[in-house]
Each structure stands twice: as C-alpha cells, then as structure tokens.
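Asks: Quick one: structure below, then a few questions.
None of the figures in this text is laboratory data; all of them are computed from the coordinates on show. Bear in mind that the values here come from a model prediction, so they are computed numbers and not experimental data. Here the Cβ positions follow ideal geometry from the backbone for every residue, glycine too, while neighbour counts run over all protein chains shown.
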Amino acid sequence: MRDHADFGVVEKIAARALGVLALAVLCIGLAAPAGAQVVDPGSVAQTIDTSLWSPPAPDPSGILYRPDAGDLMTCDSEVDEMSIFAGVNLWTHSSTGVVSSTATTTAFSSEPTGIAFDPAGRRLWIADDNRVKIFELNIGPDGVWGSPDDSIVDLDGLLAAGCPGLQDVTYNHLDGHLYIPSGPSQLVCEIDPGPNGLFDGAAATGDDVVSTFSLAPHGITDPEGIAYDPFWNSLVIADRGTRDLYEVTPEGGLLRRIDAHRSLPAVEASKAPALGPPTPTANENDRVREPAAEIVVTPAKIYVTLELPGVSRETLKVTAEDSHLSIHAIGAGGRVFHADIELGHPLEPETVTATYRNGVLDVTLPRRRGHRVRVQRGE
C-alpha cells in the first residue's frame with residue numbers, strides 16, 4: 001500500500017441520488033501492474049447533507065477543491081427546476097460543510113453538472129449537460145467569482161467532436177487537458193487546448209483537439225464523476241452503475257477499483273430490492289411493471305431512488321401521504337410503471353421533492369418531527 005498521509009481525493013460517490021456529498025480520503029498503494037484487477041476499500045472521512053443548507057442543494061452534481069483558498073465548491077444541476085429554488089446553484093463551503101458564500105450560473109448555464117478549477121491560471125470550468133458545452137470562467141483581479149471583472153468563454157463543438165454527454169469535468173495540471181465523463185456512453189472525453197494553447201472550442205469554432213477513451217472494458221457502466229489526482233497523475237472515476245470509484249491513467253488504463261459503496265456510512269436497513277431492471281408483476285401479460293427501489297433512511301430524511309427507463313416526465317405522478325409513497329408513470333410503448341411503498345415513518349408531504357433525470361427518479365422525503373410539549377410547573 002502507498003503510505004502518504006497528505007494524499008486525499010475528494011469525490012462524489014454516486015451520491016446525487018442521496019442528496020449528500022461523501023468526502024472520501026483514499027490511501028492508495030503503488031500503481032497496479034498492467035492488466036491486474038486491484039480492488040481496494042475506501043474510507044469515508046466526511047458526509048455532508050447538502051439539502052440542509054440554506055438555500056439547499058438537494059441534488060449536488062459536482063464538487064472541487066480550491067487549494068488557493070482551502071475550501072470546496074459544489075454545484076447543483078437540478079435545483080433550478082424545483083419549487084425550493086432560491087436563485088442559488090453554486091456553494092463555497094468548508095470540508096465540514098459550513099457555507100461561506102453562494103452564487104448562480106443561470107446567466108449562462110442552468111444545468112451545471114460538473115466543476116473544475118485551475119489555481120495557477122485562476123480559471124473555473126463548468127460542464128453543462130443540456131447544452132453540451134464547457135464554460136471557462138476567468139476570475140478577474142479581485143479574486144471573487146461572479147464579479148464584473150470576470151470573463152466567460154464557451155467551448156462549443158464538443159458533441160460533433162464525439163463527446164456525447166458532459167456529466168462532470170476535471171483539469172489535469174500536468175498536461176493542461178480537461179477530462180469529461182460522458183455517462184451511459186461509457187466514454188471519457190479529453191480536451192487538448194490545441195496549437196494556440198487556449199480552450200476555445202472544437203472545430204469549427206476553435207482549435208481544441210477532442211479525443212475519447214472507453215471505460216467499458218473496466219466494467220464501468222455510467223461514469224458521472226471525475227477528479228484528477230496530481231500526486232499520482234491519475235484520474236478517479238465515480239461510476240453510478242456500480243457505485244464504486246475507479247482509478248485510471250490519463251490514457252484510460254485501469255489502475256484499481258475502489259470499493260466505495262461498501263464504505264458509505266451505515267443507514268437503517270430497508271427491505272426494498274436493489275436497483276435494477278423493473279420486475280414484472282404476477283401477470284406477465286400485464287403492461288404494468290413495478291420498478292425496483294433503493295431506499296436510504298436517515299434521521300432527518302428518506303431518500304428513494306427508482307429506475308424508470310423511457311418515462312416521459314409529463315406522465316410522472318408522485319404522491320406522498322402519511323408514511324406512504326406512490327409513484328405512477330408511463331414509459332415507451334405505453335408500459336405503465338407503478339409502485340406503492342410503505343416507508344414506515346411519518347412524512348412531511350408539503351416539503352417532498354422529486355427529480356427525474358436519465359431514466360432515474362430521485363425522491364427526497366423529510367421525516368415528520370414530533371412536537372415537544374413543554375411541561376410547566378404546577379401551582
């Protein structure tokens with residue numbers, strides 16, 4: 001094992017379904033021999049429930065560390081679609097979750113799925129999966145993000161260059177390239193700034209050179225998070241499909257798999273089946289399917305995740321009452337998905353939130369708190 005006490009990688013461990021950020025400190029060994037499949041455990045150093053922030057971040061999608069300031073920045077790609085949106089989708093905070101400032105990217109991006117930072121060049125990159133663009137923000141002399149002296153550059157042409165999705169972004173300080181995981185396509189897109197040394201988009205808007213490598217041979221099915229480790233010059237990929245982390249070389253060679261999902265803090269057990277393809281009801285000829293659900297119970301909230309492939313957002317009906325959750329939706333070919341879930345805990349139905357993205361429905365249900373009765377001294 002590598003024994004380097006100063007090394008730490010901060011990564012989201014496929015936790016946007018839980019509405020939390022898991023900050024994992026991963027102590028790693030020497031690089032694995034070529035072709036070897038090394039599996040290491042990960043240990044969670046800190047878990048922050050970002051939905052408790054004010055304003056809240058119920059669906060955090062990207063996180064970065066700013067070594068120049070010693071703090072973290074987190075973005076939320078879905079909060080602007082919720083009734084609780086308060087004009088904030090970017091938070092600066094400490095490693096313990098104390099928020100120091102907030103901002104918004106909605107002037108240019110309402111879907112900030114990932115975020116990266118270059119402390120030497122004072123540049124910030126934001127990935128937008130809806131527009132399939134990367135936005136480069138050059139922080140001005142005042143050092144404050146979002147002030148009038150900042151400038152913004154669009155990196156266009158990425159889809160035509162072979163980068164089908166922008167789930168996150170990270171910056172390699174050694175080679176000066178950006179790396180982007182593309183989700184279900186199982187690709188990582190690498191962006192070279194090209195001959196002019198500036199990120200200005202792929203042809204025909206700029207001279208950036210875009211290349212890709214596949215993560216499919218490593219068993220990675222849905223890469224949604226990425227971080228660059230400058231100490232070992234490697235990339236750490238967060239796979240939503242396996243709920244694990246994978247360390248790879250900048251060329252895409254597998255170094256090891258980090259068994260991350262087993263290291264998450266223990267939560268109250270649930271009898272719900274694991275996530276997977278929808279299971280048929282008793283009548284195989286019936287068009288109704290009961291989707292499998294993953295349920296996580298915490299003292300303050302219950303998080304429910306269901307896979308609903310091919311469902312139209314307009315057909316989704318989510319109902320919460322007492323301790324019961326009901327979900328009804330219509331998918332491709334008229335297939336009906338229906339689930340009735342007894343959660344076993346009283347809910348606050350007025351504050352329940354739900355987001356649907358890439359075939360996955362995430363529901364956050366605050367638990368009802370008991371009312372404490374003050375006992376007065378009798379006469």
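Asks: Any idea what the relative contact order of the stretch 279-366 is, in percent, if you count C-alpha pairs under 8 Å spaced at least 6 apart?
Replies: 29 percent
Asks: Taking a point 7 angstrom from the Cα of A69 along the C-beta vector, which residues in the stretch 133-172 have backbone N less than 13 Å away?
Replies: 139-140, 142-147
Asks: What percent does the relative contact order of the stretch 210-262 come to when contacts are Cα pairs within less than 8 Å and at least six residues apart?
Replies: Normalised by residue count, the contact order of the stretch 210-262 is 26 percent.
Asks: Going 7 Å from the Cα of D175 along its beta-carbon direction, which residues of the stretch 217-245 have the amide nitrogen within less than 12 Å of the resulting point?
Replies: In the stretch 217-245, the label zone of D175 (backbone N under 12 Å from the point 7 Å along Cα→Cβ) covers 233-235.
Asks: Next up: Could you run the Karplus curve 6.51 cos²θ - 1.76 cosθ + 1.60 with θ = phi - 60° over the stretch 191-201 and give me ³J(HN,Hα) per residue in whole Hz, x for Gly and Pro?
Replies: The phi angles translate into 10, 8, x, x, x, 7, x, 10, 6, 9, x Hz.
Asks: Find how much the distance from F108 to S151 grows on full extension, using 0.36 nm per residue of separation minus their present alpha carbon separation; answer in nm with one decimal.
Replies: Fully extending the segment from F108 to S151 adds 14.3 nm.
Asks: Once phi is turned into θ = phi - 60°, what whole-Hz ³J(HN,Hα) does the Karplus curve with 6.51, -1.76 and 1.60 give for every residue of the stretch 105-114, x standing for Gly and Pro?
Replies: Taking θ as phi minus 60°, the curve returns 10, 5, 5, 10, 8, 9, 10, x, 7, x Hz for the stretch 105-114.
Asks: After finding the eigenvalues of the alpha carbon gyration tensor for the stretch 279-366, what semi-axes result from the square roots of 5 times each, listed largest first in whole Å?
Replies: Computed over the stretch 279-366, the values are 23, 14, 11 Å.
Asks: Translational diffusion coefficient of the stretch 146-262 at 10 °C, 1.306 mPa s, Stokes-Einstein with Kirkwood Rh over Cα pairs, in µm²/s as a whole number.
Replies: 108 µm²/s
Asks: Relative contact order of the stretch 21-263, please, whole-number percent, based on alpha carbon pairs below 8 angstrom and at least 6 residues apart.
Replies: Reported as a whole number, the value is 15 percent.
Asks: Let me ask you something else. How far apart, in nm, are two points set 7 Å out from the Cα along the Cα-to-Cβ line at D142 and at A45?
Replies: Placing both labels 7 Å along Cα→Cβ, they lie 3.3 nm apart.
Asks: Something else now. Once the convex hull of the alpha carbons of the stretch 21-263 is built, what does its volume come to per residue, in cubic angstrom?
Replies: 125 Å³
Asks: Using 0.36 nm per residue of separation minus the Cα-Cα distance, give me the extension gain between E81 and L316 in nm, one decimal.
Replies: Roughly 83.1 nm would be gained on extension.
Asks: Something else now. For E342 and A120 in one chain, what is 0.36 nm times their gap in residues minus the Cα-Cα distance, to one decimal in nm?
Replies: 74.7 nm
Asks: Just order 202-210, 242-250, 153-161 by mean Cβ neighbour count inside 10 Å, highest at the front, would you?
Replies: In decreasing order of mean packing, 202-210, 242-250, 153-161 become 242-250, 153-161, 202-210.
Asks: In whole Hz and in residue order, list the ³J(HN,Hα) couplings for the stretch 86-92 that follow from phi through the Karplus curve 6.51 cos²θ - 1.76 cosθ + 1.60, θ = phi - 60°; x for Gly and Pro.
Replies: Working through the residues one at a time gives 10, x, 10, 9, 9, 10, 9 Hz.
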